[in-house]
Amino acid sequence: MKTLTLRPAVPDDAGAISELIADLMPYMTLDADGAGAEQFMASMAEPAIAGYLSQPRYQYQLGFIGSVLAGAVAIRDRSHLFHLFVAREFHGCGLGRQLWLAARTAALVAGNTVGFTVNSSDYAFPMYQRWGFLPTGPRVEEGGVAWVPMHLPPCA
């Protein structure tokens, strides 16, 4: 397992976070070219990410391998896993778990007592299941993307 160097994200990181996410869009959109998911893709563009970073309800952390941005994680309102992205070259190396554990710990320290929710892509679904998340509803397809709503109970 590779070890990440973690640090909180700042508004100047919005471009790098957006670039990381843009490369991963085919894992999230129903069409590989993003057709029909324009609104979703705009929510991941640099201006949107800068907006999230400027709000205290979003807590972002970045993970680096050396000087390379390897991943990003964000928790909204101390309970919703809002973003979790790992650069393609690091998929399968355990970095997603390291990012998740760092974000989870920070949210628990900040007072989370209700557990966590996430809207999982099809690609990430098995990973979230391994971490103890359970589906709370059926798979949803809307706006060019698909997700499964999931919850991790507070004691998990």
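Taken together, the criteria exclude Ala70 from residues that are assigned to a helix (DSSP H, G or I) and either without any contact (Cβ under 8 Å) to a residue 24 or more places away in the chain or touching a helix residue (DSSP H, G or I) at 6+ places or on another chain (Cβ under 9 Å) (or both). State all residues of region 1-32 that are charged (D, E, K, R), closer than 22 Å to Gln98 by Cα and outside any helix (DSSP H, G or I); if no residue qualifies, say none. Passing the criteria: Lys2, Arg7. The single condition among (1) out of contact with any strand residue (DSSP E or B) (no Cβ under 9 Å at 6 or more places or on another chain); (2) in contact (Cβ under 8 Å) with a residue 12 or more places away in the chain that Ala110 does not satisfy is (1). Among the residues of this structure, Phe116 counts as one that is in contact with a strand residue (DSSP E or B) (Cβ under 7 Å, 6 or more places away or on another chain), at pLDDT 95 or above, over 23 Å from Asp33 (Cβ atoms) and open to solvent by less than 30 Å² (accessible area, probe 1.4 Å).
Here Tyr60 meets each of (1) more than 21 Å from Val140 (Cβ to Cβ); (2) open to solvent by 20 Å² or more (accessible area, probe 1.4 Å); (3) free of Cβ contacts under 8 Å to residues at least 60 places away in the same chain with one exception, condition (2).
Residue by residue, here is whether (1) under 18 Å from Gly143 (Cβ atoms); (2) hydroxyl-bearing (Ser, Thr, Tyr); (3) surrounded by fewer than 17 Cβ atoms within 10 Å (Cβ to Cβ) holds:
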| residue | (1), (2), (3) |
| --- | --- |
| Leu4 | no, no, no |
| Asp13 | no, no, no |
| Ala16 | no, no, yes |
| Thr29 | yes, yes, no |
| Asp33 | yes, no, yes |
| Pro56 | no, no, yes |
| Gly71 | no, no, no |
| Arg78 | no, no, no |
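Would a scan of region 117-139 turn up a residue that is in a strand (DSSP E or B) and more than 15 Å from the chain's Cα centre (by Cα)? For region 117-139, residues in a strand (DSSP E or B) and more than 15 Å from the chain's Cα centre (by Cα): present. If you go through region 33-69 and keep only what is among the hydrophobic types (A, V, I, L, M, F, W, C) and more than 20 Å from Trp100 (Cα to Cα), you end up with Ala35, Ala37, Phe40, Met41, Ala42, Ala45, Ala48, Ala50.
Each row is one residue, and each column tells you yes or no for (1) open to solvent by 40 Å² or more (accessible area, probe 1.4 Å); (2) of a type in the set (Phe, Trp, Tyr); (3) over 12 Å from the mean Cα position of the chain (by Cα).
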position: Gly66; (1), (2), (3): yes, no, yes
position: Gly92; (1), (2), (3): yes, no, yes
position: Gly96; (1), (2), (3): no, no, no
position: Ala102; (1), (2), (3): no, no, yes
position: Glu142; (1), (2), (3): yes, no, yes
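Screening Gly92 against (1) among the small types (Gly, Ala, Ser); (2) touching a residue at least 40 places away in the same chain (Cβ under 8 Å); (3) assigned to a loop (DSSP other than H, G, I, E, B) leaves a single unmet condition, (2).
The values are calculated or read from the model by the stated rules, or taken from the named source; none is laboratory data. The model shown is predicted, which means the values in this text are computed figures rather than measured ones. Glycine gets a Cβ as well: all are built from the backbone with ideal geometry, and neighbour counts include every protein chain shown. With ligands, DNA and RNA removed, areas are computed over all heavy atoms of the protein, side chains included. Shrake-Rupley method; radii C 1.70, N 1.55, O 1.52, S 1.80 Å.
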